[in-house]
2 protein chains.
Amino acid sequence: MDTRSQPRAVCLLSGGLDSTTCLAIARAQGFDCYCLSFDYGQRHRVELEAAERVAHSLGVREHRTARIDLRVFGGSALTAAIDVPKDRGGAEMTSGIPVTYVPARNTIFLSFALAYAEVIEAEHIFIGVNAIDYSGYPDCRSEFIAAFENMANLATKAAVEGRTHLKIDTPLLRMTKADIVRTAVELGVDLSLTHSCYDPDAQGRPCGHCDSCILRAKGFAEAGLADPALSST
Amino acid sequence: MDTRSQPRAVCLLSGGLDSTTCLAIARAQGFDCYCLSFDYGQRHRVELEAAERVAHSLGVREHRTARIDLRVFGGSALTAAIDVPKDRGGAEMTSGIPVTYVPARNTIFLSFALAYAEVIEAEHIFIGVNAIDYSGYPDCRSEFIAAFENMANLATKAAVEGRTHLKIDTPLLRMTKADIVRTAVELGVDLSLTHSCYDPDAQGRPCGHCDSCILRAKGFAEAGLADPALSST
């Protein structure tokens, strides 16, 4: 495929359901995709292997993994010795910001994506944030994304010199988890490659009880589909 | 000293003249300072030792160094195999953004500072950016800082829950290099501990010819003072 005329996009990719679907949408929109994952000391590092599989299956141009040590600050169940909460119901899940929140994580991830975009001269950054079926993280909201985009256009050499205008694309923002599952299936994504669990076992199998597993199961149930990642383990 | 009633601040500290003076101002304003440095693959890693010395001499509460690999993207003379420009005059230095610019560096540094501030519940982040005697980096301008502050107040759990309001403090923004030197001396800072050069030799001695060395020398000359970092090497 001739990709010389395709616009470039940096796509943040964790290897989970949301970021994978977001990447598939960017590909379907004709972007030449440069994926970025993070090794940040997360307890669910198995997601990095999922990200690698997903990037390969979706035909991306490049996939880089940046090592950053978010454990230097602690403060989250995903990076510190704090238990990941299990079996929380919907009301409980949306009633506050949970301990799995990693301080400033999306700000940090988007900042690295901004550096990557500047170097490869991309004008788009895709991020699979979702403000419907989500865990209540502040940095998943549209107000935050808009403020980041505004800041980004004052931050870079290319933007200041007027050569580029950076756009943060959030195609999943208003989708339910069921919409996300359906969209992925319509786009031919192999969801068995994805990994969503915050607290997998030593073999990388999902726990089925953390917020992320519960939201994923809800999405498949409402879409009337079986989760291929469960049937394959 | 009883510091229980002192407000906390995260202070970005490279160990150079500007960030050191900025830290001294934060201390003089009564802040309990938590310093943050970055090991980002810079060719002038000797600055990390300077940061450690400076933090100790100014009596900070804590000093952390985060390892982040900005070389994953390349694109700058400070992190990639690109020559650091030498002996540029004033007009040349301010006529464009130089190759020593690291893509999105201050955005990334401030994002980590934001995470740190959230974990220790600080409402202030001090950064020694300067828009007068500077190298023309876009992320040293007041518009950028204001946009980052706006974004930060939408990004964190504490801000969204209304418990804190984050302020980015830039006390050097409108100072000349001579003002910065004079302020540091007035505050009793030992400037022999600081390191500014982008391209030091194997013994850590400054080259005297990069933009950073030239701006530093200009500051001392205009303040009518000798640079103690030069006389001590």
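The values are calculated or read from the model by the stated rules, or taken from the named source; none is laboratory data. Because the structure is a prediction, the values reported are computed rather than measured. Here the Cβ positions follow ideal geometry from the backbone for every residue, glycine too, while neighbour counts run over all protein chains shown.
Some observations on this one:
- Residue count for segment B:164-203, restricted to those that are without any contact (Cβ under 8 Å) to a residue 40 or more places away in the chain and within 16 Å of A:ASP139 (Cβ to Cβ): 0
- Within segment A:1-42, tally of residues that are in a loop (DSSP other than H, G, I, E, B), aromatic (Phe, Trp, Tyr) and more than 21 Å from A:GLY188 (Cβ to Cβ): 1
- Exactly one residue out of A:HIS165, A:HIS195 is in contact with a Gly (Cβ under 8 Å, 6 or more places away or on another chain), within 29 Å of B:ILE108 (Cβ to Cβ) and either modelled with pLDDT under 95 or not polar (S, T, N, Q) (or both), and it is A:HIS195.
- Residues within segment B:43-62 that are in contact (Cβ under 8 Å) with a residue 60 or more places away in the chain and outside any helix (DSSP H, G or I), tallied: 3
- For segment B:191-215, the tally of residues that are over 12 Å from B:LEU17 (Cβ atoms) and not basic (Lys, Arg) stands at 13.
- Residue within segment B:162-175 that is in contact with a helix residue (DSSP H, G or I) (Cβ under 9 Å, 6 or more places away or on another chain), part of a helix (DSSP H, G or I) and crowded, with 19+ Cβ neighbours inside 10 Å present: no
- Residues in segment A:114-147 that are touching a strand residue (DSSP E or B) at 6+ places or on another chain (Cβ under 6 Å) and assigned to a helix (DSSP H, G or I): A:TYR116, A:ALA117, A:ILE120, A:ILE145.
- Tallying residues that are over 14 Å from the mean Cα position of the chain (by Cα) and under 24 Å from A:ARG53 (Cα atoms) within segment A:150-180 yields 2.
- Answer residue from segment A:176-206, given it is assigned to a helix (DSSP H, G or I) and in contact with a Pro (Cβ under 8 Å, 6 or more places away or on another chain) and is surrounded by the fewest Cβ atoms within 10 Å (Cβ to Cβ) among those: A:SER192
- Those residues of segment B:117-134 which are within 13 Å of another protein chain (Cβ to nearest Cβ) and within 16 Å of the chain's Cα centre (by Cα), in sequence order: B:ILE125, B:VAL129, B:ALA131
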